[in-house]
Amino acid sequence: MKGGYDHFMQKEIHEQPESLLQTMRGRVQFQRPAVGNPYLTQRIKLGGLVEHGSTIRRCRRILLVACGTSYHACLAARQTLEEMCEVPVSLELASDFLDRRCPIFRDDTCVFLSQSGETADTLRALEYAKAHGALCVGVTNTVGSAISRMTHCGVHLNAGYEIGVASTKAYTSQILVITMMALQLAEDSISKRERRDSIIDELGQLPGKVRRVLMLDSAMRDLAEQLRSVSSLLFFGRGYNYATVLEAALKVKEVALIHSEGMLAGEMKHGPLALVDKHMPIVVIATRDGMYKKMESVIQQLLAREAQLYIVCNEGDESMKQYEDKGCKLIQVPETVDCLQPVINIVPLQLLSYHLTVLRGLNVDQPRNLAKSVTVS
Ligand code: UD1
Ligand code: BG6
Ligand code: NA
């Protein structure tokens, strides 16, 4: 059942090259169409969105609604949706959306992300948005689930069963689906064509790159050995990787039961910096995207406070080597296009949280007090 793995979480982390491929199967044309062939310009086809695509394109705003890890996937892919659709995209934690009785209008599109398709708060938020006349779109891993049935349309992740309570492969497939959704919605935009094509080209490379990043498994085990007794672990990132740090911290707290927080690096000086001293281990995401220079300055400021740094950077990034000489550990990952980099960057941190948990002798697949699907509010 666990296919030779010790735990479901471990199996599901290692399945990601395959689950990502399944999410794309039959939906992506990986080859660029021949120049000038108008019949082949559509490279992404999510069957569930075809009918409502024009309504979504014309909506006044898109709200992404979810809980837990599914919410982090919304955060990771939001910028791509904004860039491609040029409509405001807001994020809602389902419980807070309900607590506020968030104003919803008929020309809104509400997207509900849920691995299980049964999370009570997300389901209640869907009922609320539907009653207010919004177009309701589901993104779920579970065919026949309540959210799949009750939404007007949507996309199944096709990532395969996820059994470990801590979500891993569903997270990366959720980022992928929202990104594909953005690409499909922008398919008529000529000005975005080159950018769109360059992202789709990278979709084809993604499973292979995730397979490569999984080779960091034993390095992450060694890192977990070093960190197994820390009382707190911080993660700093920004831009596309703000989601990565929130998700990494959630993994560490929920399975390894270590206090952990993901911090938006742009907020560092507004409080978090006060926590930093030579005893504080911090993971910094500094892969090469538009935030790279800013993250380098974050690294320097953290080093000035003698923090113990673990830097997630791209393979072959020569300028990061100087920090290795200053005692930082580098976690080198394959490079992809900026908006897909969070799919790769989370993988070593999933491995880290897995190994921390095992080394600490805790229950990986069934962390105390938690349930796979929270079906009561
Ligand atoms: C569908 C079939 C797939 C088949 C393919 C062939 C299903 C479940 N999927 O996949 O087996 O190989 O056509 O073209 O039969 N939906 C919602 N809410 C959600 C998720 C989905 O309403 O949260 C709806 C979609 O709008 C769509 C249907 O469910 O009408 C199936 O969605 P999805 O499986 O994503 O569609 P395809 O990928 O086209
Ligand atoms: C629970 C799970 O808290 O619900 C998490 O333990 C999950 O892994 C969250 O992210 C939301 O679940 P779903 O099924 O709505 O994505
Ligand atoms: Na439906």
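The values are calculated or read from the model by the stated rules, or taken from the named source; none is laboratory data. A quick note: this is a predicted structure, and the numbers were derived from the prediction, not measured. Every residue, glycine among them, receives a Cβ derived from its backbone with ideal geometry; neighbour counts consider all protein chains shown. The area values use the complete protein model at the heavy-atom level, side chains included, leaving out ligands, DNA and RNA. Shrake-Rupley method; radii C 1.70, N 1.55, O 1.52, S 1.80 Å.
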At 1.4 Å probe size, put SER173, SER189, SER218 in order of accessible surface, largest to smallest. SER218, SER189, SER173
DSSP loop (so not H, G, I, E, B), at most 14 other Cβ within 10 Å: list which trypsin sites (Lys or Arg not before Pro) in segment 96-154 pass both filters. ARG101, ARG106
Which GluC sites (Glu not before Pro) from segment 7-84 combine a DSSP loop assignment with at most 15 other Cβ atoms within 10 Å? GLU51
Which log10 I(q)/I(0) values does segment 293-340 give at q = 0.13, 0.24 Å⁻¹ under the Debye formula, counting every alpha carbon as one identical point scatterer? -0.30, -0.92
With DSSP loop assignment and no more than 11 other C-beta atoms within 10 Å, the trypsin sites (Lys or Arg not before Pro) in segment 1-88 are ARG25, ARG60
Using only the alpha-carbon atoms of segment 207-276 as identical scatterers, what base-10 log of I(q)/I(0) does the Debye formula give at q = 0.19, 0.20, 0.23 Å⁻¹? -0.90, -0.96, -1.12
Mean projection of the alpha-carbon convex hull of segment 190-247 over all orientations, in nm²? 5.8 nm²
Apply the Kirkwood formula to segment 103-158: the hydrodynamic radius equals the inverse of the mean of 1/r over all pairs of different alpha-carbon atoms; give it in Å with one decimal. 10.8 Å
Starting from the Cα gyration tensor of segment 142-181, take the square roots of the eigenvalues, sort them a ≥ b ≥ c, and report rounded, prolate or oblate (rounded when a/c is under 1.5, otherwise prolate if a/b is larger than b/c, else oblate). oblate
Mean separation of Cα contacts under 8 Å (6+ apart) over length of the chain, as relative contact order %: 20 percent
Considering every Cα-Cα pair within segment 314-377, what fraction, in whole percent, is farther apart than 15 Å? 69 percent
Label-reachable residues, segment 287-304, where backbone N falls under 12 Å from a point 7 Å from HIS259's Cα toward its Cβ: none
For ASP107 and ARG212, compute 0.36 nm times the residue count separating them, minus their Cα-Cα distance, and round to one decimal in nm. 33.5 nm
Choose one answer from ALA304, ALA248, ALA77: the residue with the largest mean-square fluctuation in a GNM of the chain with alpha-carbon springs under 10 Å. ALA304
Just subtract the alpha-carbon distance of ARG60 and LYS293 from 0.36 nm times their residue separation and send over the number in nm, one decimal. 80.5 nm
No solvent, one uniform scatterer per C-alpha: report log10 I(q)/I(0) for segment 62-209 via the Debye equation at q = 0.19 1/Å, two decimals. -1.14
Considering the Cα trace of segment 24-76, what is its radius of gyration and what is Dmax, both in angstroms? 15.1, 44
For ASP201, what accessible area in Å² do you get when you roll a 1.4 Å probe over the heavy atoms of the protein chains, rounding to the nearest 10? 50 Å²
Label-to-label distance, nm, for residues given as ARG25 and GLN301 (7 Å Cα→Cβ offset): 4.6 nm
Roughly speaking, what is the stretch gain from SER90 to ASP6, that is 0.36 nm per residue apart minus the C-alpha to C-alpha distance, in nm to one decimal? 26.3 nm
Ignoring ligands, DNA and RNA, please state the percent of accessible area on segment 84-243 from carbon and sulfur, probe 1.4 Å. 49 percent
May I ask for the Kirkwood hydrodynamic radius of the chain, worked out over all distinct Cα pairs and given in angstroms to one decimal? 21.1 Å
How would you classify segment 267-371 from its alpha-carbon gyration tensor, with a ≥ b ≥ c the square roots of the eigenvalues: rounded for a/c under 1.5, else prolate if a/b is greater than b/c, otherwise oblate? oblate
Based on Cα coordinates alone, diagonalise the gyration tensor for segment 1-120, multiply each eigenvalue by 5, take square roots, and list the semi-axes in whole Å, largest first. 27, 27, 11
